[in-house]
Amino acid sequence: LDREHTLYLRMNKDMASLYEVTEKYDIAELKAILEDYVKETDSEFAGEILNNFENYIPDFKKIVPNDYQKMITAIGRFEEQGIDHEHAVLEAFKELA
């Protein structure tokens, strides 16, 4: 949660990249995490976020390690060539190692 939109000033951009939370999967995962958190902690603030979830989404950021992003991109490229996921992971690892 980056309510002041200043997280990018404090992060190591050589190691990770910062993204808006815009993908359906990411939004659903964020909501599920918050629901679990409220269930486990009874957090009033997390409950407030869930009650106004659509308004809070722009305040959340997704941080992805750059090496992880390279791996995901390579796996996708191999899968597009018709290689099954398991072998695509191995090929991506070989390529990036």
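Of note:
- Residues being part of a helix (DSSP H, G or I), of a type in the set (D, E, K, R) and open to solvent by less than 70 Å² (accessible area, probe 1.4 Å) - total across region 58-67: 1
- Looking only at region 42-57, and only at residues there that are open to solvent by less than 70 Å² (accessible area, probe 1.4 Å) and assigned to a helix (DSSP H, G or I), the one that is farthest from residue 14 (Cα to Cα): 47
- Residue within region 45-63 that is out of contact with any helix residue (DSSP H, G or I) (no Cβ under 7 Å at 6 or more places or on another chain) and either under 30 Å from residue 90 (Cβ atoms) or basic (Lys, Arg) (or both) present: yes
- Output for region 68-84, where each listed residue is surrounded by 11 or more Cβ atoms within 10 Å (Cβ to Cβ) and either more than 22 Å from residue 28 (Cβ to Cβ) or free of Cβ contacts under 8 Å to residues at least 40 places away in the same chain (or both): 68, 70, 71, 72, 73, 74, 75, 76, 77, 78, 79, 83
The values are calculated or read from the model by the stated rules, or taken from the named source; none is laboratory data. For clarity, every value in this text was computed on a predicted model and none was experimentally measured. Virtual Cβ from ideal backbone geometry, glycine too; neighbours counted across all protein chains shown. Heavy atoms of the whole protein, side chains included, go into the accessibility calculation; ligands, DNA and RNA do not. Shrake-Rupley method; radii C 1.70, N 1.55, O 1.52, S 1.80 Å.
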